[in-house]
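These notes concern the structure reproduced below.
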Amino acid sequence: MHGESKEVEPGLSEVSLQVSDSRRCCHPARMNFLGAVATLLGVLGGFGLVLASIGLYAVVALAVARRSREIGIRMALGARSQQVVWSIARGVAGLIGVGTGIGLFLSILAILALRASSGSGDIGIGSISVYRPNIDPVGLLTIAAVTAAVGVAAAFVPARRAVRMHPLVA
């Protein structure tokens, strides 16, 4: 290319040309692979969220069953059902808040560790370089909010069931 440019215009200075790697990342097969990996990770994350909500439901149901006598006494003494539900939900929300905070902290640490291990280049396996991870505050906060909402929703079901119990049965 340099020789051809000298033939056309002999007074031009030499410029070094480099081929951009931007075409490499847009190869259709590579995009299909990365899309499939992203879909798989999204599905696995959804399964994890469902399993976590089922586990939280089971733990809260067990805690409410153990406190059924206390809940029955509170209801017999005149506590409104909303007060009892909110009492149980506040306890669960505190646990969810602590767990979500720890999860956010550990995910930020994992991102920073991946960034540190990648050096100045992209993270990848062999010739497949994926990306250099960044901390996405909107994404992290969205995931934390969805997790907290699912956890609180999973806590309300056993709490409502406990309130509907007759105080003499409890």
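Label separation (Leu40 vs Leu168): 6.0 nm, computed from points 7 Å beyond Cα along the C-beta direction. Residues Phe105, Phe33 ordered from highest to lowest accessible area at a 1.4 Å probe: Phe105, Phe33. Here the Karplus relation 6.51 cos²θ - 1.76 cosθ + 1.60, evaluated at θ = phi - 60°, turns the backbone of segment 93-103 into coupling constants of 4, x, 5, 5, x, 5, x, 5, x, 5, x Hz, with x for every Gly and Pro. Each residue of segment 56-63 was assigned a 3J(HN,Hα) from its phi angle through the Karplus curve 6.51 cos²θ - 1.76 cosθ + 1.60 (θ = phi - 60°); the sequence is 5, 4, 5, 5, 5, 4, 5, 5 Hz, with glycine and proline shown as x.
Heavy-atom accessible surface of Ile143, to the nearest 10 Å², is about 110 Å², with a 1.4 Å probe and all protein chains retained. Measuring only protein heavy atoms, the 1.4 Å probe finds Met75 accessible over about 40 Å².
The values are calculated or read from the model by the stated rules, or taken from the named source; none is laboratory data. No experiment lies behind these values; they were computed from the predicted model shown. Because the Cβ atoms are built from the backbone with ideal geometry, glycine has one as well, and the counts that use them run over all protein chains shown. Areas reflect the complete protein model, heavy atoms only, side chains present, ligands, DNA and RNA absent. Shrake-Rupley method; radii C 1.70, N 1.55, O 1.52, S 1.80 Å.
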